[in-house]
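Down below is the structure, laid out as structure tokens.
The values are calculated or read from the model by the stated rules, or taken from the named source; none is laboratory data. From a predicted model like this one, the values you see are computed outputs, not experimental measurements. Virtual Cβ from ideal backbone geometry, glycine too; neighbours counted across all protein chains shown. We work out accessible area using only protein heavy atoms, side chains counted, and drop any ligands, DNA or RNA first. Shrake-Rupley method; radii C 1.70, N 1.55, O 1.52, S 1.80 Å.
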Amino acid sequence: MGTETLIIAIVIFTLATFLGVELIGRVPPTLHTPLMSGANAVSGITVVGALLIAGASHEGESSWVITALGFVAIVLAMMNVVGGYAVTDRMLGMFKKKPGESK
């Protein structure tokens, strides 16, 4: 990777970070949980990417490092997906009527 490519990647990462902070900061508290639970479900895309990295054949002496990092990415992304669905389930449970409760 050349120096110019690295600088462009750092600039894009920095701009994306500032944009993310501004967007999340402007979300009202009542919408934060539904939006975040939906966004966590999108982490399934990360799981697919991590599976591709961990399962691919890599050449070289550092191939085990790539596979290990892919495995760690799978574990963390799955924790995020499961947590997102758990939050969604808990949030939707607040709207269910309890047995014996009147309208």
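Quick check for you: with a 1.4 Å probe and neighbouring chains kept, what is the accessible area per residue of segment 21-83, in Å²? Display every interim value, and only then the final one.
Numbers: 4490 Å² over 63 residues.
With all protein chains present, segment 21-83 gives 71 Å² per residue.
As a test of understanding, state the convex hull volume per residue of the chain from its alpha carbons, in Å³.
Details: hull volume 12.1 nm³, N = 103.
Dividing the Cα hull volume of the chain by its residues yields 117 Å³.
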**Prompt:** Any idea what log10 I(q)/I(0) is at q = 0.17, 0.18, 0.21 Å⁻¹ for segment 45-103, Debye with uniform C-alpha scatterers and no solvent?
**Reply:** -0.64, -0.68, -0.79
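At a 1.4 Å probe, what is the % contribution of carbon and sulfur to the accessible area of the chain?
Details: 6080 of 8410 Å².
Carbon with sulfur: 72 percent of the solvent-accessible area.
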**Asked** Relative to the first principal axis of the alpha-carbon coordinates of the chain, what is the inclination of helix 63-93, with its axis defined by its Cα atoms, in degrees from 0 to 90 and to the nearest 10?
**Response** 10 degrees
**Message:** Restricting things to Cα coordinates, could you compute the convex hull volume per residue of segment 1-42 in Å³?
**Reply:** 56 Å³
**Complete:** With only helices counted (DSSP H, runs n ≥ 4, each -39500 (n - 2.57)), the per-residue ellipticity at 222 nm for the chain, to the nearest 500, works out to -26500 deg cm²/dmol
**Asked** So which GluC sites (Glu not before Pro) in segment 1-71 are both in a DSSP loop and have at most 16 other Cβ atoms within 10 Å of their Cβ?
**Response** 59, 61
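For segment 1-98, which chymotrypsin sites (Phe, Trp or Tyr not before Pro) are both in a DSSP coil and crowded by at most 15 other Cβ atoms within 10 Å?
Working: sites: 13, 18, 64, 71, 85, 95; in loops: 95.
Here the chymotrypsin sites (Phe, Trp or Tyr not before Pro) that fit, given the DSSP loop and packing criteria, are 95.
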